[in-house]
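Before any comments, here is the structure.
Bear in mind these aren't lab numbers, they're just calculated from the coordinates by the rules spelled out. All values reported here derive from a predicted model rather than from experimental measurement. Positions of Cβ are backbone-derived with ideal geometry, glycine not excepted, and every protein chain shown enters the neighbour counts.
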Amino acid sequence: MSLKRKELEVLNLINIGKTVDEILFQMETSERNLRYMIDNLNFYLKKIVDKKIEKDRKKLLIHLSESELDRFYKEIYRNYYTLEQEERAEFILMTFLFVKDVRLSFIEEKLEITRATLKKDIEALNESLIKYSLKLESEKNRFSIVGNEKKLRHLKALKYLEYSNMKMTPLDVGYIFQNVDRSMLKELERVILGIGKKFSVEFKEDFIKLMKVFLYVSLERVKEGYVIDRKANYKFLVNTAHYEIAKDSLEKYLDKELSYELVHITEYFISGGVTENIEELKESIEKYSDGLILFLEKNLNSSLDYTELKSKLMGYLIPAIYRLRNNFSIKEGGERDEIFALVERYSKEESYLPEKLTENEIFHIAKEIIIYIENEKNRVISLKTLLEIIVRNSEGINSEKLIEDLMEQYGRLIKIDIK
């Protein structure tokens, strides 16, 4: 006997007080399967923490403290847990991302599976990687993850952050991260803080955590011979003062001749906190936003006031043009609806931005537009605000002042039908 992920998910739901009906619905299982899972869980609960799940009408009762849960999970993951295909594929991915010179025979032994099962797991992994322009492939019987270099670095950085912060996982994190130089990560954090001071900005904690890992991964990839050698907005970035600061600060770690690598890194540092003193960029984004709004008005036959939307787009695009928000993401964006198609069409044709928007950025902008249009259509008049305006003008009504106040607050909703 052994336990699987689904059974541990059921235990968590029981432990936080979910009813039987809620568990059946959330886990998409039958009462018969749930009874089997409870019996299996109780066998190990009794064995490890001397407790069991009790039945009380429509409730399943157990309360495990945090320390009991930790003890239970550690013992289960160490001795009684069976990885499902998705988890095996994740282990294979993590192994080839972080461990050097891995042979398939070792993974077979580690996962206790046959070569035929491993082959199927690799096929499943490649199905998930293909959407990120990545692939696990072999050359001379040696496997490695290949494809889009930027996406590979982002994936590796995100996976390290995900699993280094995870308290409990069935994957052998100690084995996977055995080659990570944590002293180097601390050193790079100090470098990032120094760059922040020279930029006259204070980077947020989340940015620092992410950036030190991305820097570590980038330096490691360069050392292994994988170098980025192109950048669409290279000419713009290489002439900024921020590029010179990043180049000098990273001199110990990165050859100054690798200017495309340094431009990419500079781009992220700018996204981390620099939004002022880039007047040329702001002007370009404003022209893009104005053009997009005119394009929407023309194609949607809309007479909405897009002032607030323009402000939102400006706030998003100033850092997004430098890719931090979306380059550190490998998730797909959403539905390709009419608004997405319009934003995509305009964005391909416009000539204001120094670098064309990514698909994820287009998805984000389209989503903001949809939300804004819906909010404008459903906007209601606040009775409280309306009464306050009337009270202010109740003594000796000044029609012009009353109209002015009403128009200032509700102008878009008022039909002007008086002279």
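Which of the three applies to region 76-232, rounded, prolate or oblate, going by the alpha-carbon gyration tensor with a ≥ b ≥ c and a/c under 1.5 meaning rounded? Prolate is the answer for region 76-232, as a/c is 1.5 or above and a/b outweighs b/c. Potential lengthening of the chain between ASP39 and LYS312 amounts to 92.9 nm, from the contour at 0.36 nm per residue minus the alpha-carbon distance. Compute the angle between helix 31-49 and the longest alpha-carbon principal axis of the chain, please, reported from 0 to 90 degrees and rounded to the nearest 10. Around 70 degrees separate the two axes. Pairs of Lys residues in region 50-120 are counted when their Cα atoms are under 25 angstrom apart and they lie 8 or more places apart or on different chains; the count is 9. Near TYR81, the amide H atoms lying under 5 Å from its own belong to LEU3; only residues 5 or more places off or on other chains count, and H is placed 1.01 Å from N.
Counting only DSSP H runs of at least 4 residues, each contributing -39500 (n - 2.57), and dividing by the residue count of the chain, the helix-based mean residue ellipticity at 222 nm comes to -19500 deg cm²/dmol. Using 0.36 nm per residue and subtracting the Cα-Cα separation, the extra length available between THR29 and SER399 on full extension is 126.6 nm. Compared with the alpha-carbon gap, the fully stretched path from ARG115 to VAL227 is longer by 36.9 nm at 0.36 nm per residue. Calculated over the chain, the projected area of the Cα convex hull averaged across directions stands at 30.3 nm². Whole-Hz ³J(HN,Hα) for each residue in region 190-207, computed from phi via Karplus 6.51 cos²θ - 1.76 cosθ + 1.60 with θ = phi - 60°, x for glycine and proline: what do you get? Per residue, the Karplus-derived 3J(HN,Hα) values read 5, 4, 4, 4, x, 5, x, 5, 5, 7, 6, 9, 10, 5, 6, 4, 4, 5 Hz. Distance between the modelled labels on GLU335 and ASP305, one decimal in nanometres: 2.9 nm (7 Å Cα→Cβ projection). Where the alpha-carbon atoms of region 5-80 are placed on the principal axes, they occupy 30, 19, 17 Å, in descending order. The Rg/Rh ratio of region 182-271, with both radii computed over alpha carbons and Rh defined as the Kirkwood radius, is 0.93. Residue pairs exceeding 18 angstrom between C-alpha atoms, taken from LYS151/LYS231; LYS212/LYS247; LYS131/LYS151; LYS150/LYS367: LYS150/LYS367.
Note on ARG392 and ILE370: their simple-model spin labels are 3.7 nm apart, each label 7 Å out from Cα toward Cβ. Calculated FRET efficiency, GLU127 to GLU283, Cβ-Cβ distance, R0 = 35 Å: about 0.20 to the nearest 0.05.
What the phi angles of region 208-221 give under the Karplus curve with 6.51, -1.76 and 1.60, with θ = phi - 60°, is a coupling list of 4, 4, 5, 5, 5, 5, 4, 4, 4, 5, 4, 5, 5, 5 Hz, glycine and proline written as x. In the chain, the longest principal axis of the Cα atoms and the axis of helix 359-377 are about 50 degrees apart.
The dipole here belongs to the chain: it is taken about the Cα centre, uses +1 on the Cβ of Lys and Arg and -1 on the Cβ of Asp and Glu, and is about 1320 debye.
Counting only alpha carbon atoms, the long axis of helix 5-15 and the longest principal axis of the chain meet at about 70°.
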